[in-house]
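Input: a single structure, listed below in structure tokens.
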Amino acid sequence: MQVDATQLQVDAIQLQIDTIQLHVDAIRLQVDTIRLHVDTIELHVDTIQLHVDTIQLHVDAIRLHVDTIRLQSDAIRLQGETHLL
């Protein structure tokens, strides 16, 4: 099936999927609220651009392998036991 343009309006959707593969050139999302409950996320990304007003993260553990990070911020607040940067 090939679709050139589709407009979809859905009031509610519930999906249970074992496996999904997406190959997408571009995605543009405008979303009021997203709630995710995920056991594991694995991302392989060349470039991410985020423009965020507010983000809240509650994380038990995070592991990052990063070559370069650039942060431009008026203020960064970290609250916790140990901060190693």
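The values are calculated or read from the model by the stated rules, or taken from the named source; none is laboratory data. For clarity, every value in this text was computed on a predicted model and none was experimentally measured. Here Cβ is always computed from backbone atoms with ideal geometry, including for glycine, and neighbour counts include all displayed protein chains.
Pairing residues of segment 28-54 that are of a type in the set (Lys, Arg) with residues that are modelled with pLDDT of 80 or more and loosely packed, with under 10 Cβ neighbours inside 10 Å, at Cβ distances under 7 Å and at least 6 apart in sequence or on separate chains, gives no pairs at all. Considered as a group, the residues in segment 1-27 that are among the acidic types (Asp, Glu) and more than 17 Å from residue 38 (Cα to Cα) include one that is modelled with the lowest pLDDT, and that residue is 4.
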